[in-house]
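Asks: Handing you a structure now.
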């Protein structure tokens, strides 16, 4: 079926990681979408070791792209989104990575490249927030990056740094489980000072601090049940496991309580009647500042970003448009 042609002013660009996915299948899917929608030939650009996608995306926009298809892992998606921040040019998600974190949270396809390519050229624009992280290194150097799903310091960042790339390629997100088991013995509480939304600075300690724009992780783990990508708020999860069963309580909270009980009225009643698990606490805010007593490993959307001495994370509301199937409504909006 051929859809009504769109104006020739429309132009798509694909920013793809040449190390991921089946490029022949992707080109065939994009060509089919061009034919169905009446769009002209697509611009094709590759990422590289030196450029995760930011430079390629800026080049695409300069060449007149009205939508940029991000075809790679979560790192490629994050890099493309970073370059598209506040431009009004939408990103389209092509599922060729292992995590596909943003696609999961928006209820988009995780396997059908043909559907994703057609959505890129014929779908609706859905505006979401971006998380912004300003990272200060131990030597005082600053770096600013966006995140679409979650940023974190502590166990999650350590786990990501220990993940075996070959195992990740073979079994996908399950490789993080192996890394987590190896990271646990090394994790001790991190002493830090924090300030939320301009409040007075307070001292605390935690094994992990996570700042989320979205809350759903691979494996159906609902880490932050109230997080929405378009509410102008960041959700904060603090993990402080205590006692010999502390990590078991954390796991029970994010898998059983968040992932199962919250889906029914009876389950929510059980949660309300249950004693609160202090091993996992939640907060919400627009701006969080963390100063760590010692530099700690930091991650953005599942990619390690080295050690940070301090981090400021804030929300940029409505900073990114994402292509979604026409007339669709995400289950997380």
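Asks: Between 308, 326, 313, which is modelled with pLDDT of 70 or more and outside the structural domain of residue 207 (by TED's automatic domain parsing)?
Replies: From the options 308, 326, 313, the qualifying one is 326.
Asks: Does residue 13 fit the bill of being buried (at least 22 other Cβ atoms within 10 Å of the Cβ), at pLDDT 95 or above and assigned to a helix (DSSP H, G or I)? Let's see the steps before the verdict.
Replies: Values: buried (at least 22 other Cβ atoms within 10 Å of the Cβ): yes; at pLDDT 95 or above: yes; assigned to a helix (DSSP H, G or I): no.
Against the criterion (buried (at least 22 other Cβ atoms within 10 Å of the Cβ), at pLDDT 95 or above and assigned to a helix (DSSP H, G or I)), residue 13 does not qualify.
Asks: With respect to residue 281, is the statement that it is at pLDDT below 95, surrounded by fewer than 18 Cβ atoms within 10 Å (Cβ to Cβ) and in contact with a helix residue (DSSP H, G or I) (Cβ under 9 Å, 6 or more places away or on another chain) true?
Replies: When the stated conditions are applied, residue 281 does not pass them.
Asks: For the list (1) assigned to a helix (DSSP H, G or I); (2) surrounded by 13 or more Cβ atoms within 10 Å (Cβ to Cβ), I need the number of the one condition that residue 24 fails.
Replies: Every condition holds for residue 24 apart from (2).
Asks: Separate question: Which of the residues spanning the stretch 226-252 are buried (at least 19 other Cβ atoms within 10 Å of the Cβ), at pLDDT below 90 and within 22 Å of the chain's Cα centre (by Cα)?
Replies: Within the stretch 226-252, 239, 250 qualify.
Asks: Could you give me the residue pairs with C-beta distances under 8 Å whose first residue belongs to the stretch 215-231 and is more than 17 Å from residue 100 (Cα to Cα), whose second residue is in a helix (DSSP H, G or I) wherever it lies, and which are 6+ apart or on separate chains?
Replies: Cβ pairs passing all conditions: 225/262.
Asks: Another question, if that's okay. Quick check on this structure: which one of 99, 88 is out of contact with any helix residue (DSSP H, G or I) (no Cβ under 9 Å at 6 or more places or on another chain), in contact (Cβ under 8 Å) with a residue 12 or more places away in the chain and over 16 Å from residue 14 (Cβ atoms)?
Replies: None of the other options fit; the residue is 88.
The values are calculated or read from the model by the stated rules, or taken from the named source; none is laboratory data. What you see is a predicted model; the values in this text were computed from it and never measured. Cβ coordinates were reconstructed from backbone atoms using ideal geometry, including for glycine residues, and neighbour counts include every protein chain displayed.
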